[in-house]
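Accompanying notes for the structure given below.
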Amino acid sequence: MLFLYPVIESIGPGFTSILLVQLFGMLLYGLYTAIAPAIMVELFPTEVRGVGIGSTYNLVVALLSGTTPYLMTAAGAHQRTGWFIAYVCAGALVSLITFVPMPEPGPKPRLTMQPACARNGSYASAHAGCGTTRRQSPFDRRTARRIAY
């Protein structure tokens, strides 16, 4: 939002002006695409991640990216570039308001492995170790002695 007005006002008919504006836009786009996948993954659970990310991202891109060139052209034709700047700033403000309350991603709980017999839903078999105990092999005993010393 801070650089929008100077960038819009610096657009001129020359090649250098257009090149600099395009390079600045590519820099901002690169900064966005570097972190966007990580943020989007944190927003949705695994079961609906593909649909959630795809539908919301494409809906916003269709609504905002489809209207932005039209609005810039219309505002420039009527000498109202301030309206376009206000439109883009409003979109950036909505994004900021959306992302500020997002929780900071933290460490995920580790998955624990259960024996096959514990997955059948039986409480007794899940807590009794399925009635089997693992015998320690001679290799395990030797390794344990080396680690202890």
Residue among L93, L59, L71 that is modelled with pLDDT of 85 or more, under 17 Å from L43 (Cα atoms) and either not hydroxyl-bearing (S, T, Y) or not in a helix (DSSP H, G or I) (or both): L59
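The rows are residues; the columns are (1) hydrophobic (A, V, I, L, M, F, W, C); (2) assigned by TED's automatic domain parsing to the domain that holds S95; (3) surrounded by 11 or more Cβ atoms within 10 Å (Cβ to Cβ).
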residue	(1), (2), (3)
P13	no, yes, no
L23	yes, yes, no
A38	yes, yes, no
V41	yes, yes, yes
P45	no, yes, no
V48	yes, yes, no
V51	yes, yes, no
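The values are calculated or read from the model by the stated rules, or taken from the named source; none is laboratory data. These figures come from a predicted structure and were not determined experimentally. With ideal geometry, Cβ positions are generated from the backbone for all residues, glycine too; neighbour counts draw on all protein chains shown.
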